[in-house]
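The values are calculated or read from the model by the stated rules, or taken from the named source; none is laboratory data. Quantities reported herein were computed from a predicted structural model and do not represent experimental measurements. Cβ: placed from backbone, ideal geometry, glycine included. Neighbour counts: every protein chain shown. Accessible surface areas use protein heavy atoms only, side chains included; no ligands, DNA or RNA. Shrake-Rupley method; radii C 1.70, N 1.55, O 1.52, S 1.80 Å.
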Amino acid sequence: MLDQLKSGCKVAGAKQTKRAVNDGRAKVVFLADDADPRITEAMETLCAQKGVPVERGCTMKQLGDLCGIAVGSAVAALLV
């Protein structure tokens with residue numbers, strides 16, 4: 001599923017991902033294992049409330065690379 005971030009429609013970062021989840025545009029949310037728990041726990045709770053699946057198992061650097069940005073990302077979402 002992580003490979004779909006390379007070519008699929010996506011958003012990176014907590015603000016954009018939160019907006020996508022609230023708007024019903026997020027198909028799946030990816031959380032970095034090494035990110036600040038205050039960010040990831042809040043996003044995980046929101047996803048549970050909205051019924052959006054959550055994937056873990058990557059680092060912030062990996063998420064940033066997969067999203068095509070020069071910095072790490074704590075969260076990213078694959079869009080519908």
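Tabulated data for the structure shown
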| item | result |
| --- | --- |
| Strands (runs of 3 or more DSSP E) within segment 1-67 that include 1 or more residues open to solvent by 80 Å² or more (accessible area, probe 1.4 Å) | 26-32, 54-58 |
| Number of positions in segment 68-80 that are in a strand (DSSP E or B) and open to solvent by 60 Å² or more (accessible area, probe 1.4 Å) | 0 |
| Near pairs, Cβ below 9 angstrom, 6+ apart or cross-chain, from segment 20-48 (over 20 Å from L79 (Cβ atoms) and among the acidic types (D, E)) to any residue that is in a helix (DSSP H, G or I) and open to solvent by less than 70 Å² (accessible area, probe 1.4 Å) | D33/T40; D33/M60; D34/M60 |
